[in-house]
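The values are calculated or read from the model by the stated rules, or taken from the named source; none is laboratory data. The shown structure was predicted, so the numbers you read here are calculated from the model rather than taken from an experiment. Cβ coordinates were reconstructed from backbone atoms using ideal geometry, including for glycine residues, and neighbour counts include every protein chain displayed.
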Amino acid sequence: MSAESTNVTKRLNASQWGELRRLRKQFGEGDIGRKSFRIIAKGADCEAILEKRGEFDYIRCGKRAIGTVDVDASGVTDTIPSCDKHRRHIEDYITNEAAQRGSHIPYLGENGKGRP
């Protein structure tokens, strides 16, 4: 166990530790599942784009994320934190962007659970 994970473990009370274990069960067992869990456990914010102001200027949701949308394009997986309200919004945005560019629509998963 790394020094960082030992320090985190020491700071959690029994109730928090139980909640963390319960949360972990919602994520896949592989590398992407572990990555997704860490992102959410650290308190990531929802990255749903609510408004596009310019080429690289966006207004994002910013609420506390509860899961990830996993985007697998050509074997490279990116995880995007999402709140309960915007998961579908993120999936639709990615699908529409790929279609507009004439690109392959990537596989979309949830919480590192892998391909169906």
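Side notes on the structure shown:
- Scanning segment 70-86 for residues that are in contact with a strand residue (DSSP E or B) (Cβ under 6 Å, 6 or more places away or on another chain) and closer than 14 Å to E47 by Cβ yields D70, V71, D78, T79, I80, P81, S82.
- In segment 67-110, the residue that is surrounded by the most Cβ atoms within 10 Å (Cβ to Cβ) out of those that are modelled with pLDDT under 95 and in a loop (DSSP other than H, G, I, E, B) is P106.
- Extreme residue, nearest to P81 (Cα to Cα), among residues of segment 8-63 that are of a type in the set (S, T, N, Q) and touching a residue at least 24 places away in the same chain (Cβ under 8 Å): S36
- Members of segment 18-36 that are modelled with pLDDT of 90 or more and part of a helix (DSSP H, G or I): R24, D31, I32, G33, R34, K35, S36
- Subset of segment 43-58 [among the hydrophobic types (A, V, I, L, M, F, W, C) and in contact with a Lys or Arg (Cβ under 7 Å, 6 or more places away or on another chain)]: C46, A48, I49, L50
- Which listed residue is closer than 24 Å to D31 by Cβ, of a type outside the set (S, T, N, Q) and touching a helix residue (DSSP H, G or I) at 6+ places or on another chain (Cβ under 6 Å), from V76, V69: V69
- There is at least one residue in segment 82-99 that is among the acidic types (D, E) and within 13 Å of the chain's Cα centre (by Cα).
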